[in-house]
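The values are calculated or read from the model by the stated rules, or taken from the named source; none is laboratory data. Since we're looking at a predicted model, the values are computed, not measured. Ideal geometry is used to build each Cβ from the backbone, glycine not excepted, and the neighbour counts take in all protein chains shown.
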Amino acid sequence: MATTASTAAHTSLASVTLEVADPDAARRFYSAFGVDTHIHLRASKAHSTGFRGFTLALTVSGPATVDGFFGAAVDAGATVLKPAAKSLWGYSGVVRAPDGTIWKIATSAKKDTGPATREIDEVVLLIGVEDVKATKQFYVDRGLTVAKSLGGKYAQFAPGQCGPGQCGPGQSGPVTLALYKRRALAKDLGVPVDGTGSHRIVLGGTGADFTDPDGFAWEAAASLAPTAS
């Protein structure tokens with residue numbers, strides 16, 4: 001879809017909406033998990049099977065905080081995909097929410113330097129794509145700024161600003177967008193790469209509606225459903 005330069009200059013990620021079968025149940029889960037101010041919910045019966053091609057990742061201060069969020073998610077009904085454990089890069093765990101969304105909770109710290117908190121340092125929407133370079137350029141052409149890039153393996157964009165009424169308490173930019181190879185992302189999450197149907201996620205943008213090369217849909221943030229909070 002063609003996008004004018006004037007539209008592209010104003011495009012940034014303002015919100016993330018998950019499409020769920022039961023918004024009330026999802027709202028209860030995300031409130032208990034502690035991430036309800038970072039996402040929106042919208043009722044949908046769109047067909048989807050297998051890997052939906054994305055994960056939402058929480059970056060926190062230390063292993064004890066990872067364990068706190070991980071335990072809260074499991075207690076609220078999440079399924080464990082990867083138990084929280086040390087790795088080469090730090091400490092992390094992966095869960096699948098009852099609505100099917102995959103969440104990764106991680107820290108680069110391997111030891112705690114303070115008590116566990118319920119604070120989230122960063123939320124990243126990591127979408128799996130077939131061609132990182134091509135999709136990165138697609139987003140650059142629509143006005144997003146690359147903050148980090150590792151060739152054709154990974155790209156992360158500078159966080160945008162929230163649209164009117166889109167932010168949760170204390171948020172200046174709700175979610176950071178990043179790109180990763182789809183197969184590598186599935187491997188990291190511990191799930192098969194195959195998946196069909198809807199991604200069951202809508203990205204709220206400050207520009208025009210469009211769909212990216214991997215089928216992720218963007219809508220004007222002001223048109224999205226109310227928040228989950």
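Say we look at the stretch 64-100 and pick out the residues that are in a loop (DSSP other than H, G, I, E, B) and in contact with a helix residue (DSSP H, G or I) (Cβ under 9 Å, 6 or more places away or on another chain); which of these is nearest to F33 (Cα to Cα)? Full working, then the answer.
In the first step, residues of the stretch 64-100 are kept if they are in a loop (DSSP other than H, G, I, E, B); the result is 76-78, 88-89, 97-100.
Subset that is in contact with a helix residue (DSSP H, G or I) (Cβ under 9 Å, 6 or more places away or on another chain): 76-78, 97-99.
Values: A76: 7, G77: 10, A78: 9, A97: 9, P98: 12, D99: 13 Å.
By that ranking, first place goes to A76.
For the stretch 136-153, what are the residues that are exposed (fewer than 15 other Cβ atoms within 10 Å of the Cβ), assigned to a helix (DSSP H, G or I) and among the charged types (D, E, K, R)?
Start the filter on the stretch 136-153 by keeping residues that are exposed (fewer than 15 other Cβ atoms within 10 Å of the Cβ), which leaves 137, 140-141, 145-148, 150-153.
This time we only want the ones that are assigned to a helix (DSSP H, G or I), so: 137, 140-141.
Within the stretch 136-153, just D141 meets the criteria.
Any chance you could count how many residues in the stretch 203-229 are at pLDDT 90 or above, more than 22 Å from K133 (Cα to Cα) and not acidic (D, E)?
1
Only residues that are in contact (Cβ under 8 Å) with a residue 12 or more places away in the chain, hydrophobic (A, V, I, L, M, F, W, C) and either over 19 Å from K153 (Cα atoms) or surrounded by 13 or more Cβ atoms within 10 Å (Cβ to Cβ) (or both): list them for the stretch 82-93, please.
Answer for the stretch 82-93, where residues must be in contact (Cβ under 8 Å) with a residue 12 or more places away in the chain, hydrophobic (A, V, I, L, M, F, W, C) and either over 19 Å from K153 (Cα atoms) or surrounded by 13 or more Cβ atoms within 10 Å (Cβ to Cβ) (or both): just A84.
May I ask you to list the residues in the stretch 24-63 that are farther than 29 Å from G215 by Cα and not in a helix (DSSP H, G or I)? Reasoning before the result, please.
Going through the stretch 24-63, the residues farther than 29 Å from G215 by Cα turn out to be 32, 60-63.
Selection gives V60, S61, G62.
Taking only the stretch 108-135 into account, find how many residues are surrounded by 22 or more Cβ atoms within 10 Å (Cβ to Cβ) and farther than 23 Å from L13 by Cβ.
0
Checking P98 against (1) at pLDDT below 95; (2) closer than 30 Å to P23 by Cα; (3) not hydrophobic (A, V, I, L, M, F, W, C): exactly one of these is not met. Which one?
Tallying (1) at pLDDT below 95; (2) closer than 30 Å to P23 by Cα; (3) not hydrophobic (A, V, I, L, M, F, W, C), P98 fails exactly one: (1).
Can you name the number of the only condition in (1) in contact (Cβ under 8 Å) with a residue 40 or more places away in the chain; (2) under 17 Å from the mean Cα position of the chain (by Cα); (3) within 30 Å of Q137 (Cβ to Cβ) that A46 fails?
Only one criterion is unmet by A46, namely (2).
Residue-by-condition table, conditions (1) within 22 Å of S198 (Cα to Cα); (2) of a type outside the set (D, E); (3) touching a strand residue (DSSP E or B) at 6+ places or on another chain (Cβ under 6 Å):
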{"residue": "L18", "(1), (2), (3)": "yes, yes, yes"}
{"residue": "D24", "(1), (2), (3)": "yes, no, no"}
{"residue": "P63", "(1), (2), (3)": "no, yes, yes"}
{"residue": "A78", "(1), (2), (3)": "yes, yes, yes"}
{"residue": "R96", "(1), (2), (3)": "yes, yes, yes"}
{"residue": "I105", "(1), (2), (3)": "no, yes, yes"}
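Checking the structure you have, find out if any residue of the stretch 94-117 is under 24 Å from V129 (Cα atoms), without any contact (Cβ under 8 Å) to a residue 40 or more places away in the chain and of a type in the set (A, V, I, L, M, F, W, C).
Yes, the conditions are met somewhere in the stretch 94-117.
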